[in-house]
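Let me begin by presenting the structure, written as structure tokens, before commenting on it.
Every read-out reported here was derived from the displayed coordinates using simple, explicitly stated rules and does not represent laboratory data. If you're wondering where the values come from, they're calculated on a predicted model, not measured in any experiment. A quick note on method: Cβ atoms are made from the backbone with ideal geometry, for glycine too, and the neighbour counts reach across all protein chains shown.
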Amino acid sequence: MSAVEMNLRMDPQEKALRDMEVRQFNFETFEKDKENGRIPRQALGKDDFLQLLMKQLAYQDPLSPMDDKAFIAQMAQFSSLEQMTAMSEGFNKLSNSLSRDFARIAEMISGSGAASALGKTVEIFDGFKTVQGVVRSVTKGGDPQVLVNGFYYDWDQVTEVFETEVSE
């Protein structure tokens, strides 16, 4: 007899009593979990799915076991869930790796841009005024600086690089 058939055979008072018992049990379980520092989740993972499947198999009616097609479908769902989880973890690792690589590439490009300006005339806006002069030195690193007219400026402040030197 399925749960639906059982509900149809219960009178309204029995159903209300059962529903009240279920709500009480859920409330008590939630409160105990809260006291123990466990927080309920809204999403189920592969371990939850496997536990549900094992419980379903353990408590199935031996006189009318689970339909083999339904069992195969659930196993296929579990397999798909496991593969999607593995793919998600792989994408996260790849994303983290690419982020680090892109940061290093950006650092190298920024540094090589500054180095290529060595000996050339640049125009720099330092936030207050525009300065023009020849790049005499370049520092390395993620935030390269250029030495112009005796002062170091961040490479990000350079607005123009000229091919030929302008007289100082």
So what is Rg over Rh here for segment 115-162, counting just Cα atoms and using Kirkwood for Rh? 0.91
Hey, can you rank 156-163, 138-145 by average C-beta count inside 10 Å, highest first? 138-145, 156-163
Considering only the other residues whose Cβ falls under 13 Å of the Cβ of Leu57, what net charge follows from Lys and Arg at +1 and Asp and Glu at -1? -2
Under 5 Å between amide hydrogens, which residues at least 5 positions from Asp143 or on another chain qualify, with H placed 1.01 Å from N in the peptide plane? none
